[in-house]
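Colleague: This is the structure, below, for whatever I ask next.
The values are calculated or read from the model by the stated rules, or taken from the named source; none is laboratory data. Note that the coordinates shown come from a computational prediction; the quantities given were computed from them, not determined experimentally. No Cβ is skipped: glycine too gets one built from the backbone with ideal geometry, and neighbour counts run over all protein chains shown.
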Amino acid sequence: MIAASTLLREIGSDFYTGVPDSLLRSFYDEIVRTYGLDPAHHVIAANEGNAVGIAAGYHLATGKVPVIYLQNSGIGNTINPLASLMNPKVYGIPCILIVGWRGEPGVHDEPQHAYQGEVTCRLLEDMGIEYSVIGQETSQEAVRDEMHRFRELLSRGEDVAFVIRKGAISGDRESYGNSYTITREDAIRRILAASGDDPIICTTGKAGRELYELREKDGAGHGRDFLSVGSMGHASSIALGVALKKPESTVWCIDGDGAVLMHMGAMAVIGKAHPGNLLHILLNNESHESVGGLPTAADAVNLTEVAKACGYAGSASVKNDEELERELSGIRRQQMPYLLEIRCSTASRSDLGRPKESPAENKKAFMSALGGR
Ligand SMILES: Cc1ncc(C[n+]2csc(CCOP(=O)(O)OP(=O)(O)O)c2C)c(N)n1
């Protein structure tokens, strides 16, 4: 195992941007310990492509090499700016990617990571990005040698990557939080009581696991819920597609603030399409809680006003139990599309389980329940 502080020293950059991954937690906690959340050194991006853009700007302004950290799920979001901005055949802007390798073949992980894990190195190869894998056995000397090799490539305007295996980086933990009191799980429990038999599209991360467990506890079955375990930021778009074709159903989307910010253009498209049967519920804990809690930009954004500006028929924000109960009891009478923001704490259970069915089984059950409508 290599200490995060050692890795940062060997990389030797003073600018970091990215989207967190639980596997890189020690790495970004060390960045926070070193630079805090000072955007002159560390910007938590909305999505990984956004991070590439920020990194490019840093290079243009300083001539120095930025670092971009991401879960391999986010490689897709980087491909456009890597291929059409950073690549030596275009502007030739150097950066160092730190990629958390979820779903590495042979290592147990969740189903949403299986294919992405399989193609991670292949994608980097296709993109012409030299990479080096860091595992538990990787020494400081080995990282230094790779950085020596990489510096030559970086000086020619090429991009390089370290692909990080599970458990490869060690370090002390930082803690993150906010002052809100409603837990995400309790908010979901109340949403389920209000949504009855309506279909629900849920965002990526722990929210879906909590939803799944609550249904288990109720013995309610899972056919109403599409968990969208991957594709972070797209739950509201999936819900829009369903809502447009099931006008007789009220379609609920349970979203996260990190996910909403990741592809916020989706809100403009919902406002414009204006489905009269879409309830967009945002569990806003101002945090990427599912992957360690690094803050999002949501504390600085008024997302209920964003919804209105995007053309939603209405929106509201609640921050305590009474407000939440009041809102949920009347929510079906609201003009839609409607955004309800629930300000949540960053608490979650450590014994949270995972869905037993495969994503393909979830899809089948969801479609069959929807088809009956
Ligand atoms: C494209 C992509 N980037 C990163 C991740 C890793 N990831 C999984 S959940 C999550 C945080 C989600 O934050 P938010 O939507 O605010 O929900 P919370 O976890 O706070 O409930 C991240 C970054 C991912 N799954 N996909």
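Colleague: Which residues, counting only those in segment 155-191, are under 23 Å from Leu124 (Cβ atoms) and surrounded by fewer than 19 Cβ atoms within 10 Å (Cβ to Cβ)?
Modeller: Ser155, Arg156, Gly157, Arg165, Lys166, Gly167
Colleague: Name the single residue, out of those in segment 237-248 being of a type outside the set (A, V, I, L, M, F, W, C) and touching a Pro at 6+ places or on another chain (Cβ under 9 Å), that is farthest from the ligand (Cβ to nearest atom).
Modeller: Here the residue is Pro247.
Colleague: Where in segment 249-341 are the strands (runs of 3 or more DSSP E), entirely inside, with at least 2 residues that are within 16 Å of the ligand (Cβ to nearest atom) and either at negative phi or not assigned by TED's automatic domain parsing to the domain that holds Trp101 (or both)?
Modeller: Of the strands (runs of 3 or more DSSP E) lying wholly inside segment 249-341, those with at least 2 residues that are within 16 Å of the ligand (Cβ to nearest atom) and either at negative phi or not assigned by TED's automatic domain parsing to the domain that holds Trp101 (or both) span 251-256, 278-284.
Colleague: Got a number for residues in segment 50-68 being in a helix (DSSP H, G or I) and either surrounded by 24 or more Cβ atoms within 10 Å (Cβ to Cβ) or away from the ligand (no atom under 15 Å from the Cβ) (or both)?
Modeller: The qualifying residues number 12.
Colleague: State whether one or more residues within segment 11-30 are free of Cβ contacts under 8 Å to residues at least 40 places away in the same chain, within 29 Å of Glu141 (Cα to Cα) and in a helix (DSSP H, G or I).
Modeller: Looking for residues that are free of Cβ contacts under 8 Å to residues at least 40 places away in the same chain, within 29 Å of Glu141 (Cα to Cα) and in a helix (DSSP H, G or I), one finds none in segment 11-30, hence no.
Colleague: Test each condition in (1) surrounded by 23 or more Cβ atoms within 10 Å (Cβ to Cβ); (2) near the ligand (Cβ under 10 Å from one of its atoms) for Lys206 and report the one that comes out false.
Modeller: In the conditions (1) surrounded by 23 or more Cβ atoms within 10 Å (Cβ to Cβ); (2) near the ligand (Cβ under 10 Å from one of its atoms), Lys206 misses (1) alone.
Colleague: Restricting to segment 66-98, name every residue that is of a type in the set (Val, Ile, Thr) and under 25 Å from the mean Cα position of the chain (by Cα).
Modeller: If the condition is that a residue be of a type in the set (Val, Ile, Thr) and under 25 Å from the mean Cα position of the chain (by Cα), then Val67, Ile68, Ile75, Thr78, Ile79, Ile96, Ile98 are the ones that fit.
Colleague: Out of all the residues in segment 114-150, which are surrounded by fewer than 18 Cβ atoms within 10 Å (Cβ to Cβ) and of a type in the set (Ser, Thr, Tyr)?
Modeller: The answer is Tyr115, Ser132, Ser139.
Colleague: Evaluate segment 196-205: report whether one residue or more is over 30 Å from Gly106 (Cα atoms) and hydroxyl-bearing (Ser, Thr, Tyr).
Modeller: no
Colleague: Could you tell me whether segment 87-104 includes any residue that is in a helix (DSSP H, G or I) and under 20 Å from Ile31 (Cβ atoms)?
Modeller: Checked segment 87-104: no residue is in a helix (DSSP H, G or I) and under 20 Å from Ile31 (Cβ atoms).
Colleague: I would also like to ask the following. Using the structure shown, decide if Tyr35 is aromatic (Phe, Trp, Tyr), under 23 Å from the mean Cα position of the chain (by Cα) and surrounded by fewer than 23 Cβ atoms within 10 Å (Cβ to Cβ).
Modeller: Yes, satisfied.
Colleague: Then there's this: Going by what's in this entry, would Glu357 be described as exposed (fewer than 15 other Cβ atoms within 10 Å of the Cβ) and free of Cβ contacts under 8 Å to residues at least 24 places away in the same chain?
Modeller: It is false that Glu357 is exposed (fewer than 15 other Cβ atoms within 10 Å of the Cβ) and free of Cβ contacts under 8 Å to residues at least 24 places away in the same chain.
Colleague: Let me ask something else about it. Yes or no: segment 316-336 includes at least one residue that is of a type in the set (Asp, Glu), touching a residue at least 40 places away in the same chain (Cβ under 8 Å) and in contact with a Ser or Thr (Cβ under 6 Å, 6 or more places away or on another chain).
Modeller: Checked against the condition, which is being of a type in the set (Asp, Glu), touching a residue at least 40 places away in the same chain (Cβ under 8 Å) and in contact with a Ser or Thr (Cβ under 6 Å, 6 or more places away or on another chain), segment 316-336 yields no hits at all.
Colleague: If you don't mind, another one. Limited to segment 199-224, what total is found for residues that are free of Cβ contacts under 8 Å to residues at least 60 places away in the same chain, under 22 Å from Ser236 (Cβ atoms) and among the charged types (D, E, K, R)?
Modeller: 1
Colleague: Among (1) farther than 18 Å from Val52 by Cβ; (2) of a type outside the set (D, E, K, R); (3) within 16 Å of the ligand (Cβ to nearest atom), which single condition is Gly74 missing?
Modeller: (1)
Colleague: Here are some conditions: (1) surrounded by fewer than 23 Cβ atoms within 10 Å (Cβ to Cβ); (2) without any contact (Cβ under 8 Å) to a residue 40 or more places away in the chain; (3) not aromatic (Phe, Trp, Tyr). Thr78 meets all but one. Which one does it not meet?
Modeller: Thr78 satisfies all of (1) surrounded by fewer than 23 Cβ atoms within 10 Å (Cβ to Cβ); (2) without any contact (Cβ under 8 Å) to a residue 40 or more places away in the chain; (3) not aromatic (Phe, Trp, Tyr) except (1).
Colleague: Further question: Can you spot a residue in segment 355-372 that is in contact with a strand residue (DSSP E or B) (Cβ under 8 Å, 6 or more places away or on another chain), at pLDDT 95 or above and within 16 Å of the ligand (Cβ to nearest atom)?
Modeller: no
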